[in-house]
Every structure is written in structure tokens, then in C-alpha cells.
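No value in this document is a laboratory result; all are computed from the given coordinates. What you see is a predicted model, and the numbers here were worked out from it, not measured in a lab. Quick reminder, even Gly has a Cβ in these numbers, built from the backbone with ideal geometry, and neighbours come from all protein chains shown.
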Amino acid sequence: MKRDSSPLPLAPALPSSPDVDAGGSTPHGLAFLALLSFVGAFLGARIFATLNPTTIVETGGIHLHHFWYGLAMIVVAGWLGIVHNRPALRRFYAILFGLGGGILGDEVGLLLTLGNYHSDLTFFFFITVVTAGTLGILLTTRRKTLEYDVLTLGYSERFVYLGVVVAGLSALPFASGLVLPGLVTLAAGIVIAAVAFWRHEKKEAVKE
């Protein structure tokens, strides 16, 4: 009997769908990455604020809440998506948008009640957005497309996005006046992303 020596597939085959762009991403996959970043940023912000309840940044009587950093990330991701809509960067935009949404969402109760950070409205917002969004993805018939968009990411590309997440979370210590931890977190994220990007580009150059 002749033995089959063909290599095992490492990821699902590219789905034959017009939704797949030139960068290999799909709307379902981008939504999944954004929601995943949202959950991570929200939980990270909530844990950080719980462990540092009295640490704040106040300049001239103005308290710089961390929702401003989240809002800035959302604006940057949206603006870049409009003026520099490269398919290869859409995953980055989705992750940055999710990070900003999670950090902003952590203080929704504060914004709606004008002062109560621990308002139940925050948890209601979190549960509603994340649960509804996740169920919306799971209830679609694009499971294979979603698997493709997530599983086809190489290790180098995954670490690039991990570096983006780490750098984005540096907004939490910065917003609390912890400059040194913020700089360390930001630097760690930049280094992770830069090294991973360099390795990715090196591999792509070898393939060519």
C-alpha cells in the first residue's frame, strides 16, 4: 500500500467568499478580534482600577480618566481605517478599536451617572455588548470563515498584535499617574510588536 506523504494542512483553506479581502481578513474575523480585544481591555481596566482605587491623575483640578485614552484609540483606529484603508492593516485597526472600546466601556457607568465608577450600568453595558456581539458571531453561518481568519495568522503576526495589546494597555498606568510602569508597559509592547514584525518581514523576504 502506498503511503500518503502529503503534508497535513496547518489551517483551513481559504473560503471562496467575496468577503475575504486582499489582506486575508473577513468581516466576521475582524469583529471577533475586536470583541476579543474589547473583553481583554475591559477586564484589564477593571482589575487595574480595583487594585489601584485611589491612584488618579489630576492637573489643574481636572481628573484625567482613562476613558479619554480609550476614546483616542477609537478615533485613531477609525481615522486610519478611513484615510489609510490597507487590507493588510485591518486586523490592527480592529484590535486597536476593540482596545479603545474596552477601556472606554470600563467607565460607561461613570459617564452615565457623572461620578459613580462602580455603577451597575457598566456591567450591564459590558454584558450586553459582549454577549450580544459574541452570540451574533456564533449564530451566523460563517464559522469556517471565522476559523480561517483567526487560525491562518502566523506566530509572528500573532505576536505583533499581542504587542499592540500590551502597548495599548499602558494607557491604564498612564491614566493613574504611574509614569514608570506605563513607560515599561509601552516599551514592552513596542519591542514585542517590532521584533515580531521584523521576523515576519524576514520570513516573507525568504519566501520571495
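If you take every residue apart from Phe42 with its C-beta less than 13 Å away from the C-beta of Phe42, what net charge results, scoring Lys and Arg +1 and Asp and Glu -1? Every neighbour counted, the sum reads -1. Along each principal axis, taking the top coordinate minus the bottom one, the Cα set of region 154-208 gives 47, 14, 10 Å in descending order.
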